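Since the structure comes first, as structure tokens, the remarks are kept for the end.
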Amino acid sequence: MENIQRKHEWRDGYKVIEVFGTMSELQQQQVLELWASAGVVSPQQAQQRIHQVVCMILDPQVAVCGVSTAYLDKLRQGGYTWYLMRMFIRPKARKTIGLPALASRVTRKHLARVSDDTQNGAKGTAVINENPGLWKKGMHRHYVKAGWNFQGKRQDGQEIWICPFEGEWAAD
């Protein structure tokens, strides 16, 4: 895989940058500071997840206002390997129309390229929605329109969604 950081411009001066495997020490520090200031994860979890960052989201002032991360795991449904994707975007930036969707698309496309290059067997991306605000019917329509497939709920009520890589998924 090419060792470059692709930049995707968005409205109002926001940018999504693909950084998986190419993060500088400064970028890592910026992400750690984002997580610490927002109280998203513990310092120990942050150290574990820093190498899982796929994309950084920059605000118009070029400050990091969000990240997407992913790691390989198997879901109980089917036992296939998926990239489990997480995303955190500061509340103000979340309100920028289309920014979370762009970050999700860029992350999925990047992971598809990585999977092709490494032959890791990942079938696609998956998310486990912990936020009840994402469990609404309107959000479900948004997920389906974006190519996600609802897989059901875990025992704790959290929703599982998958988005297979193109050409990789065949119905059993």
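Data table
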read-out: Along each principal axis, Cα extent of the chain, largest first, Å; value: 47, 36, 33
read-out: Helix-only mean residue ellipticity at 222 nm for the chain, each DSSP H run of n ≥ 4 adding -39500 (n - 2.57), per residue, nearest 500; value: -9500 deg cm²/dmol
read-out: Entries in Lys92/Lys137; Lys7/Lys153; Lys92/Lys145 that, when Cα-Cα distance is taken, lie over 31 Å; value: Lys7/Lys153
read-out: Whole-percent carbon and sulfur share, accessible surface of region 24-170, 1.4 Å; value: 50 percent
read-out: Inter-centroid distance (Cα atoms) of region 20-44 relative to region 45-120, Å; value: 13 Å
read-out: Where trypsin sites (Lys or Arg not before Pro) in DSSP loops with at most 15 other Cβ within 10 Å are excluded, longest remaining stretch of the chain; value: 7-75
read-out: For the chain: relative contact order, % (alpha-carbon pairs under 8 angstrom, 6 or more apart); value: 16 percent
read-out: Ellipsoid equivalent to region 1-55 - semi-axes via the Cα gyration tensor, in Å; value: 21, 15, 8
read-out: Probe 1.4 Å, accessible area per residue of the chain, Å²; value: 58 Å²
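The values are calculated or read from the model by the stated rules, or taken from the named source; none is laboratory data. What you see is a predicted model; the values in this text were computed from it and never measured. Heads up, the Cβs are rebuilt from the backbone with ideal geometry, glycines too, and the neighbour counts pull from every protein chain shown. For the accessible areas, the whole protein counts, side chains as well, though only heavy atoms, and no ligand, DNA or RNA atoms are used. Shrake-Rupley method; radii C 1.70, N 1.55, O 1.52, S 1.80 Å.
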